[in-house]
1. Give the residue, chosen from A:609, A:640, that is in a loop (DSSP other than H, G, I, E, B), of a type in the set (Ser, Thr, Tyr) and assigned by TED's automatic domain parsing to the domain that holds residue A:575.
2. Among the residues of region A:1-24, which ones are within 20 Å of residue A:51 (Cα to Cα) and in contact (Cβ under 8 Å) with a residue 12 or more places away in the chain?
3. When you scan region A:585-597, do you find a residue that is without any contact (Cβ under 8 Å) to a residue 40 or more places away in the chain and either of a type in the set (Gly, Ala, Ser) or not in a strand (DSSP E or B) (or both), even just one?
4. Have a look at B:84, B:58, B:75 and point out the one that is in contact (Cβ under 8 Å) with a residue 24 or more places away in the chain, in contact with a strand residue (DSSP E or B) (Cβ under 8 Å, 6 or more places away or on another chain) and among the basic types (Lys, Arg).
5. Pairs under 6 Å by beta carbon, first residue within 11 Å of chain B (Cβ to nearest Cβ) in region A:44-66, partner aromatic (Phe, Trp, Tyr) and surrounded by 15 or more Cβ atoms within 10 Å (Cβ to Cβ), six or more apart or different chains?
6. Could you identify the single residue in A:301, A:334 that is among the charged types (D, E, K, R) and modelled with pLDDT under 85?
7. Answer yes or no: is there a residue in region A:213-225 that is closer than 25 Å to residue A:750 by Cα and modelled with pLDDT of 90 or more.
8. Which count do you get for residues in region A:193-222 that are exposed (fewer than 15 other Cβ atoms within 10 Å of the Cβ) and assigned to a loop (DSSP other than H, G, I, E, B)?
Amino acid sequence: MPDWSAEILAQLAPLGLSAEREFEIAEELAQHLEQRFAELRAHGASDADASRQVLDELRHGALPDALARTQHRAPRDAGEPPGARSTGSHVSSLWRDVRYGARSLRKAPGFTTIATITLALGIGATTAMFSVLDAVLLRPLPFAQPEQLVRVFATYGSTPGNLQSLSVADLLALRADGRAFSSLASFRVPNDGFSYVAVDQPDRVYGTVVSAGFFSTLGVQPKLGRTFRPGDDAPGAPPLVVLSDAFWRRRLGSDPAVIGKSLDLQGRPTTVIGVMPPSVWYPRGDRAELWINDTFPQPGRRGPFGLAVVAREKPGVAAAQRDAVLAQVAAEVRARFPGGPDRWTFSEQSLAQRFSGPLRPALLMLMGAVVVVLLIACVNVTNLMLARATSREGEIAVRTALGASRAALVRQLLVEGTLLAILGGSLGVLVAIWGVRVLTSVAPDSLFVLRDASTGVDARVLALAALATIGSVLLFALAPAILGASARAIGAVREAVRGGTDAPSRRRLRSALVVAEFALSLVLLVGAGLLVRSLAKLRSVDTGVHGEGVVTASIALPSTRYEGLPQIVIFHDRLLAALRSLPGVESVSASVGLPPDVFGSSSDFFVSSRPPADGEFSPLADVLAVDGDYFSALGIPLLSGRVFDERDDGNAPNRAIVSRALAQKYFPGTNPVGERINVGGPGDANAYTIVGVVGDVRYDGVAQAPSEAIYFPFVQGGMGVTPSFSVVARTRAGTDDVARLVREAVHQIDPQLAIANVRTVHELVEESVAGDKFRTTLLAVFAALALVLAAVGIYGVMTYAVGRRSREIGIRLALGARAGAIYRLVLGEGLVVAGIGIAIGLLASAMLTRTVSKLLFEVSATDVATFVAVPVLLLAIAALACFLPARRAARVDPSVTMRTD
Amino acid sequence: MITLDLKKGSADFLILSLLRDEPRHGYELSKLIESRSGGVVQFQVSSLYPLLYRMEERGWIKGKWIEKAGQRRRRYYHITAAGREVVKEQRESWLEFVHAIGQVVGPAHA
């Protein structure tokens, strides 16, 4: 007897049925043939005759064709049988699933594009953002046991948060005590850096002057040579330098034999003792080029101040215990140097908090935005997959009827979902890589850690974002199998093919998802709107100067060659004379401070006729030594009296000019010209006659109130004179040309001097708001992303709903409804959904924007304009997104939709 | 021998009628049709099963694997409610048809 099953399977092969179905049919038919064979044998046919007869009957009438007709099967080349496979290896059937999946994605280009973009943005943007936040906020500082590191300050009075720098006396006392900290060190950051001369080429380098224990306190090791040792900060110690990796590579060509060599720094030969790895940037960040040893002579008084102190807490010493020790040490310092303020003590703040603290509100807000965008992306993907699932119910039902097993269906849907995930996921990875690159390159200086080579796409975050979005894809890819396969397949075929209306529960679910999207987008948009308004206000702040055509540059005179005031004044005179003679230059000046955020120093002062009572604190003012035509160069208006001129030379009595804010506060209702103020102490030597009042200028940053400022003539050499200063030149010529000419003029006077920070005043203002600009841009980008995703979401849902209801719409049109009514129907439904989302979002925003109020400048956290404009914008976007499907609906041809069955 | 056209139209009806009383498997159905039609109507495997599957797909009949003690499992078809409706309809129209033909050709024993 022949092997009937084999014969039948051979005939079924071209049909490409599922293996399960194939074997079922073979089993059933083989039983039939066996019985037929037995019957023929019973009637006396020979074995061979019976076989031939049965096989004839099997082949007669072309079984495969009959079966194919039965199943309304499309020809094989037009499409792989859905959810089915013929007998073959798993690999080939998987390949077929992949090809079928790719084809079905290609057949729905709109769905595929939107889903891919949503995935790419959801995964990519959120990962990039989180990687950056992680680098700044979450990644531990690159020190040994960073949690033990603190900054130590002096706190005067009882105001918490009043953190002042320490003196040499303070440092030495704390170091000698040793009960609170296992080690501590000081550092100073000269604003203007150091002059550095390599092969007769003067340059400016940035670095830090540190005490001997600096690197050992941080717990970092050099990659070459050594760091500072105890004694390197003793009086008379030779100048030593530790280089940063960047300096060593860029300026010294990674010289492996650099240790022991000498560099010309600040006009002194300085011995290189070590090179740090790239991870060591403290405290200058991107400007950490080198560290020089400080030297501390025995102090004769408690001041001057100006040392930053970093310390490592001693493990096992409780905070209360440490506070007690610090109070004791402060008392010892007071006892040793009497006469100073007596209500102060040492206080500490963790280094991590100190470091990321100011950035924290902005970064946390951005982190929130990341989460929101990720949520929206997931919601969108879910929505898309659900809509697709419903529209595929018919297809799934047909497959089920054709005998596709549920397992095969699930596999097919999973393969399709996976294809989508791979597509969106790989695009997402590209977006993430690109995003991190862009973010790190546009980040402001305060986020310099990002420039650290190790800032890259965070794999954990990528995995998380991918898991969330791709998880939604795969979960909802299976929806058709869950919804469709369990339904009575035949009924569903009929329903689906005829285009019956959608199940209300599913429609409600999708609408709820869109509501959520709109609510989330609104929160982000309101946040972004507030920041944008705040930034606009910041940028339009009147800094008090007319900066057009004004070029500035900073110069630091090394103390080795410019020992005292006379040398500094001579240099000024020569430089300003040279600059004045330049073509196109209208006025020039030198100043220790510049708007919007470079103030020279501050000092206590009082009106000479009203000295403070005992124990009363004198107010503080910004003090600036200025030269030449400072006020005309910057366009600061003279309000009363006169500006400085030749009369105010070194032999003249002390003179000063005050700002309007100071004049109004301390000389209310009177003209202060001719009055005297004491700056820096009592006595005639500290008394200055006010010769003029000028307009207010912001020296403490654009977000701060205009400074109460006192100006002194540089040449009188009193207050505020420092060897580092800025030159200011107002010009009618192009600022680029003037910048070059200023360089040349400086070079002619002193070829060894470097100038730095050549900027226009406009650039200085822009730089000062760079941080605000950065976070505003980031949040705005995220809000735009959310807006796009929400628009896509509502568009998808409305398009889909219109498609499903085309019969209903056709009937309405046939019954005489006008196109306008159809527009109202579709738009109305979409706008109700969007409106609910917007209402919820407004409530949430009102509660959440308080958290960003710290970041806002002159904008209320419940700014009415923003709270009105954003919902209107969102509604407009929603209307636009619904308009396209509405138009499609209004163009429905009733005769076509109703005939279609 | 009945022509193919007639067979095609009536095959569903024949099968449904045979399944009205009890579930039967394919071979049984083909034998019953052959014997009851006196050998005039014959179903071969290659045409019977596609027909069964199509009827199943339409929801008129339902196949079910049944195992009996000591036997291999066999696929038995039973009629569904929808199938009973179809039989009823077809039976009526069939009787009408037969009656109409009878009117034309006259009584057989006239």
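1. On the way: A:640 fails: in a loop (DSSP other than H, G, I, E, B).
After ruling out the rest, the residue left standing is A:609.
2. As a first pass, look at region A:1-24 and keep what is within 20 Å of residue A:51 (Cα to Cα): A:1-12.
Passing the criteria: A:1, A:2, A:4, A:5, A:7, A:8, A:9, A:11, A:12.
3. Taking region A:585-597 first, the residues without any contact (Cβ under 8 Å) to a residue 40 or more places away in the chain are none.
No: region A:585-597 contains no residue that is without any contact (Cβ under 8 Å) to a residue 40 or more places away in the chain and either of a type in the set (Gly, Ala, Ser) or not in a strand (DSSP E or B) (or both).
4. Numbers: B:84 fails: in contact with a strand residue (DSSP E or B) (Cβ under 8 Å, 6 or more places away or on another chain); B:58 fails: in contact with a strand residue (DSSP E or B) (Cβ under 8 Å, 6 or more places away or on another chain).
It is B:75.
5. Pairs that qualify, where the first residue is within 11 Å of chain B (Cβ to nearest Cβ) and the partner is aromatic (Phe, Trp, Tyr) and surrounded by 15 or more Cβ atoms within 10 Å (Cβ to Cβ), are A:54/A:37.
6. Values: A:334 fails: modelled with pLDDT under 85.
Going through A:301, A:334 in turn, just one is among the charged types (D, E, K, R) and modelled with pLDDT under 85: A:301.
7. If we filter region A:213-225 for residues that are closer than 25 Å to residue A:750 by Cα, which is where we start, we get none.
The answer is no; no qualifying residue exists.
8. So the answer is 3.
The values are calculated or read from the model by the stated rules, or taken from the named source; none is laboratory data. None of the values given here were measured: they were computed from a predicted structure. Note that each Cβ is placed from the backbone with ideal geometry, even for glycine, and that neighbours are counted across all protein chains shown.
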